[in-house]
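Below you'll find the structure, written out as structure tokens, and then a few comments.
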Amino acid sequence: MDQNIYIKIKKKTEVTKRKVTLSDVADISCSDKNVYHKVKECCVHEFLGKEKKQEYVGDVLAVIEAIHLLHPNAAVQSVGESDFIIDYASEHKNEKTNPFYVSFKMTVVGAIIFVGAAFSIISFHEDAAVPRTLDFIYRTFTGIEPDGPTIVNIAYSIGLTLGVIVFFNHTLKYKMTDEPTPLEVELSTYEDEVESTVIDKQSGKGEQ
Amino acid sequence: MKILAMVFVGFAGGAAVATAVFAFIMLIGVLTKLVTVTKTQKHAMMYEDIVVFGGLTGCLLSLFQFQIPLGDAGACVVALLAGMFVGVLALCLAEVLSAVPILSRRIKIKEKLPIIVLCFTLGKCMGALIQFYYM
């Protein structure tokens, strides 16, 4: 009788060993424990070559073929990605987690973002004549010609800060809701796009 | 009463401007670029806090005309950082509007994209210099 095997392949897997088995890249479900253990060890890809960093784009058809070699009667159902990426690096993370290097990068990026945020607000204020607008509001409400910064400027600054905080949905460690923040959303969207581009590029190469 | 109304208008204006300006920066993807290039995704929240403080600083500077006595050197560093930010912003804007992909599709260039990017960079640098020195 045919044995149903369900595999859910993850879009991207990072490995440090050269021989990648099915259980590394996918979640497997099968009612027969023996078959499960056999299929789990099925080799998906083996990284040869000397480069310390390699990338492989596989597709589910090759995986199903490999399973059929082991277990000809299996009916494999793929419920995950049909193309997937395996990233191989012999020593993952070593340089990446060097705390000095990371904090150096964070300082530089932090400085750029800090100055950049200040810069964009200033340039917006200049462009949209915000200081004059605020003076106008002051004049409209009080009838007095403003002499230097007024209370409207202070209220505006507080409003601006709170606006950004509400937009990003958190301050320092305290989160207002459980939703991910806009930057986190953007980052995960960006990563998704990069992965599909890599897959498209690789599968395009295979056809030519 | 007058003061209350004024404070309210100022406050609401600030909040609206803040969300608009920073939503723009987020959507254009400047932060995303900077963070993914340096692979420091884990600290996403810290960067957002920095944006809050940066925005506040810029706002205070432009509205209250503070002096920051850092001299030429300080101004240079700040200008360099601001320039980097605007550079990323400009190219991210081009990316969002997919200017380069459309251009390269129209004139049918697929290879040698790095050269186009390099030309882009040099062109921007030239443009900035010409504007600053000859206008």
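Among what's in segment B:4-15 and is facing chain A (nearest Cβ under 7 Å) and surrounded by fewer than 19 Cβ atoms within 10 Å (Cβ to Cβ), pick the residue that is nearest to the chain's Cα centre (by Cα).
B:Ala12
Any chance segment B:67-79 includes a residue that's touching a Gly at 6+ places or on another chain (Cβ under 9 Å), modelled with pLDDT of 80 or more and within 7 Å of chain A (Cβ to nearest Cβ)?
No, segment B:67-79 has no match at all.
Looking only at segment B:18-50, filter to residues that are in contact with a Leu (Cβ under 6 Å, 6 or more places away or on another chain), farther than 15 Å from A:Ile112 by Cα and buried (at least 18 other Cβ atoms within 10 Å of the Cβ); which one of those is farthest from the other protein chains (Cβ to nearest Cβ)?
So the residue we want is B:Ile28.
Is it fair to say B:Ile102 is assigned to a helix (DSSP H, G or I) and at pLDDT below 80?
Yes, satisfied.
Cβ-Cβ under 6 Å, sequence separation 6+ or interchain: first residue in segment A:143-166 and farther than 20 Å from A:Ala118 by Cα, partner assigned to a helix (DSSP H, G or I). Which pairs?
A:Pro146/A:Asp135; A:Pro146/A:Tyr138; A:Thr150/A:Tyr138
With the condition kept exactly as written, say whether any residue in segment B:81-98 is over 30 Å from A:Val102 (Cα atoms), over 22 Å from the mean Cα position of the chain (by Cα) and exposed (fewer than 13 other Cβ atoms within 10 Å of the Cβ).
No: zero hits.
Mind checking which residues of segment A:117-160 are surrounded by fewer than 20 Cβ atoms within 10 Å (Cβ to Cβ), at pLDDT below 85 and of a type in the set (Val, Ile, Thr)?
Selection gives A:Thr133, A:Thr140, A:Thr142, A:Ile144, A:Ile151.
Could you please find all residues in segment A:1-25 being within 15 Å of A:Val76 (Cβ to Cβ), in a helix (DSSP H, G or I) and not polar (S, T, N, Q)?
A:Leu22, A:Val25, listed by residue number.
Keeping to segment A:37-67, report how many residues are without any contact (Cβ under 8 Å) to a residue 24 or more places away in the chain and surrounded by 14 or more Cβ atoms within 10 Å (Cβ to Cβ).
Residues flagged as without any contact (Cβ under 8 Å) to a residue 24 or more places away in the chain and surrounded by 14 or more Cβ atoms within 10 Å (Cβ to Cβ) within segment A:37-67 amount to 2.
I'm told A:Leu160 meets every condition in (1) more than 21 Å from B:Val86 (Cβ to Cβ); (2) within 7 Å of another protein chain (Cβ to nearest Cβ); (3) among the hydrophobic types (A, V, I, L, M, F, W, C) except one. Can you identify the failing condition by its number?
(1)
Under 8 Å by Cβ, and 6 or more places apart or on different chains, what pairs join a residue from segment B:98-120 that is farther than 17 Å from A:Thr197 by Cβ with one that is surrounded by fewer than 12 Cβ atoms within 10 Å (Cβ to Cβ) and modelled with pLDDT of 75 or more?
none
Tell me, please, whether a residue that is within 11 Å of another protein chain (Cβ to nearest Cβ) and either buried (at least 17 other Cβ atoms within 10 Å of the Cβ) or under 30 Å from A:Ile28 (Cα atoms) (or both) can be found in segment A:79-93. Please lay out each step first, then the result.
So the first thing to find is which residues in segment A:79-93 are within 11 Å of another protein chain (Cβ to nearest Cβ), and the list is A:93.
Now drop any that are not either buried (at least 17 other Cβ atoms within 10 Å of the Cβ) or under 30 Å from A:Ile28 (Cα atoms) (or both), which leaves A:93.
Yes; the residues of segment A:79-93 include at least one that is within 11 Å of another protein chain (Cβ to nearest Cβ) and either buried (at least 17 other Cβ atoms within 10 Å of the Cβ) or under 30 Å from A:Ile28 (Cα atoms) (or both).
The values are calculated or read from the model by the stated rules, or taken from the named source; none is laboratory data. Since the model is a prediction, treat every value here as computed from it, not as a measurement. For neighbour counting, all protein chains shown are included, and Cβ atoms are generated from backbone atoms with ideal geometry for every residue, glycine included.
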